[in-house]
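To start, the structure under review is shown below, and the notes come after it.
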Amino acid sequence: MPELIDSQTQSFLSAEPKVTLVNTFLKPFDNAVATARTCYSSKGIITADQVGGVGLDDEKREDRRQKRDDLARSIYKAGHHTTLQHAHFQFALENVSRQFIWSFLHSHPFYNSEQVSQRYVTVDTTQIAMPPLTGEAARVYQETVAFQTQSYLSLTEKLKGLVGREYQARFRHADLAGKKASTAVQKKSQEVARYVLPVATFAYLYHTVSGLTLLRYWRLCQTFDAPLEQKLVIGKMVEAVLAQAPEYRAIMEQPIAFEATAEAQMYEDFHATAATHKAFRQEFDASLGRRMSKLVDHSKEGEKMLAHAVREVFGLPSSALSDDEAIELALDPSKNKYLGETLNVSTHSKLTRALFHPHYTFRKKLSHTGD
């Protein structure tokens, strides 16, 4: 397998993304194969040590590992991918743009992430992702970013007077010159001002994914919206994992080339232009009317479906539990105590799971910050 990030790959003109693998399973790949073999084992649990040939002589260990890799390729091609979800990898990421985080790392449900807050931490406006642009494009980019970052600083200061007055209206005896009040005013002011920050602003975060999600990242790292940054960061994530568990090379596919992705091909096929983009925006805005959010679809019999689901939990007919009573059992916190649980146990509670059946789809227009 060639280098994950070859020497021809362009890099950003800003600080290089930094990726550190901070936590993982001891034997993640052997564990994946052990879980697969356990599915068909008549002798109980198969361990990662057994899969890796621990304790065997060199020849037998090499044979065992060859069989491990052959089985891994087989189950991978067959789509038995749940085996790859057991092992997780925790990364510390630095010098990555909020656009990359929003568009790629956080655009799916299979991750856990804790990133620095723009609400509570003053943003360092010098830390901005700068792609490898030249000439007029670089000039326009730099001027735009400079304008946005200066607007953030200016807006933060201009808001302090209003925020201070509102703060004192709520806390009449607060000393605005004191540390507690001034800190609160600063945070509330920058919380609003962050709306004008460029999406290229750097962030740092902990990001944890399973082995399966990492393989998906690598396969799709050159899709829209930030293919260069994605390839750089995900390439470093994969390199860090391979340094500890090189066995993953047995099943790792190469990324889909940008021009071969379905989105890029369709973009080309439909001859998207500035005019078609404008027409889309006008059509989208017209569909919302004067609203920022509009309900555009929902379960046809959502309330009845919810009531049926609640009755099925208790095995009660409608004569014993009406639709209204059933819905109240699920939605009234005085009756459904799970709704007040700090742990949010709704996915485990049979009663609260009834709420998963009705669905509602909204069309929304909101900012990157709000999203």
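Which one of VAL121, VAL185, TYR141 is farthest out on the positive end of the charge dipole of the range 119-196, using unit charges on Cβ (Lys, Arg +1; Asp, Glu -1) and the Cα centre as origin?
Farthest towards the positive end: VAL185.
Only Lys, Arg, Asp and Glu count, each charged at its Cβ (+1, +1, -1, -1), so figure out the dipole size of the range 295-371 about its Cα centre, rounded to 20 debye. Walk me through the intermediate numbers first.
Details: 10 positive and 11 negative charges, 57 e Å.
The calculation lands at about 280 debye.
Mind checking the range 240-318 for chymotrypsin sites (Phe, Trp or Tyr not before Pro) that DSSP puts in a loop (not H, G, I, E or B) and that have at most 15 other Cβ atoms within 10 Å?
On the way: sites: TYR248, PHE258, TYR267, PHE270, PHE280, PHE284, PHE314; in loops: PHE270.
When the chymotrypsin sites (Phe, Trp or Tyr not before Pro) of the range 240-318 are filtered for loop state and at most 15 Cβ neighbours within 10 Å, PHE270 remain.
How high is the FRET efficiency between LEU295 and GLN168 when r is their beta carbon distance and R₀ equals 35 Å, given to the nearest 0.05? Mind dumping the intermediate values first?
Values: r = 39 Å, r/R0 = 1.12.
With a Förster radius of 35 Å, E is 0.35.
Once you charge only the Cβ atoms, +1 for Lys and Arg and -1 for Asp and Glu, what is the size of the charge dipole of the chain about its Cα centre, to the nearest 20 debye? Provide the component values of the computation, followed by the final result.
Values: 45 positive and 43 negative charges, 250 e Å.
The dipole of the chain has a size of about 1200 debye.
Over all pairs of distinct alpha carbons, what does the Kirkwood formula give as the hydrodynamic radius of the range 1-153, in Å? Display every interim value, and only then the final one.
Numbers: mean 1/r = 0.0502 Å⁻¹.
Averaging 1/r across every pair of different Cα atoms and inverting gives 19.9 Å.
Which ordering of TRP102, TRP218 is given by a fewest-first count of other beta-carbon atoms within 10 Å? Mind showing how you got there, number by number?
On the way: TRP102 17, TRP218 23.
Result, fewest neighbours first: TRP102, TRP218.
When only alpha-carbon atoms are used, what values of Rg and Dmax, in angstrom, describe the range 119-196?
Here Rg and the maximum Cα pair distance are 16.3, 56 Å.
Please enumerate, by chain and number, the lysines with C-alpha under 16 Å from the C-alpha of LYS294, excluding those fewer than 8 residues away in the same chain.
Partners within reach: LYS364, LYS365.
Assuming 0.36 nm per residue, please report the length gained on full extension of the stretch ASN344 to ASP69 beyond their Cα-Cα distance.
Length difference between fully extended and current span is 95.0 nm.
As I understand it, the dipole of the range 273-371 uses +1 on the Cβ of Lys and Arg and -1 on the Cβ of Asp and Glu, about the Cα centre. Which of SER367, SER322, ASN336 lies farthest toward its positive end?
SER367
Lys and Arg at +1, Asp and Glu at -1: add these up for the other residues within a Cβ distance under 15 Å of LEU155 and post the number.
Working: positive: ARG119, LYS158, LYS160, LYS187, LYS188, ARG194; negative: GLU157, GLU191.
Net of charged neighbours comes to +4.
Please find the FRET efficiency linking HIS271 to LEU153, where r is the Cβ-Cβ separation and R0 is fixed at 30 Å, and quote it to the nearest 0.05. Walk me through the numbers before you get to the answer.
Numbers: r = 41 Å, r/R0 = 1.38.
Calculated value: 0.15.
Once the dipole of the chain is set up with Lys and Arg at +1 and Asp and Glu at -1 on Cβ about the Cα centre, which of ALA243, SER41, LEU176 lies farthest towards its positive end?
So the residue we want is LEU176.
What pairs from LYS18/LYS188; LYS300/LYS350; LYS18/LYS77; LYS158/LYS179; LYS304/LYS335 go past 21 Å between their alpha carbons?
Details: LYS18/LYS188 30 Å; LYS300/LYS350 23 Å; LYS18/LYS77 32 Å; LYS158/LYS179 19 Å; LYS304/LYS335 19 Å.
Flagged as over cut-off: LYS18/LYS188; LYS300/LYS350; LYS18/LYS77.
With charges set only on the Cβ (+1 for Lys and Arg, -1 for Asp and Glu), what does the dipole of the range 227-297 come to about its Cα centre, in debye to the nearest 20? The partial results should precede the final answer.
Values: 8 positive and 11 negative charges, 91 e Å.
The dipole of the range 227-297 has a size of about 440 debye.
Between GLU303 and SER117, what is the spin-label point distance in nm, taking each point 7 Å from the Cα along the Cα→C-beta axis?
Calculated label separation equals 3.9 nm.
Take the Cα coordinates of the chain, assign each an equal point scatterer, and use the Debye formula without solvent to give log10 I(q)/I(0) at q = 0.08, 0.15 Å⁻¹.
Rounded to two decimals, the profile gives -0.66, -1.34.
If you bin every alpha carbon distance in the range 273-371 into 10 Å steps from zero, what whole percent lands in each bin?
All Cα pairs, binned at 10 Å, distribute as 14, 30, 25, 17, 11, 3, 0 percent.
No value in this document is a laboratory result; all are computed from the given coordinates. None of the values given here were measured: they were computed from a predicted structure. We place every Cβ from the backbone using ideal geometry, glycine too, and count neighbours over all the protein chains shown.
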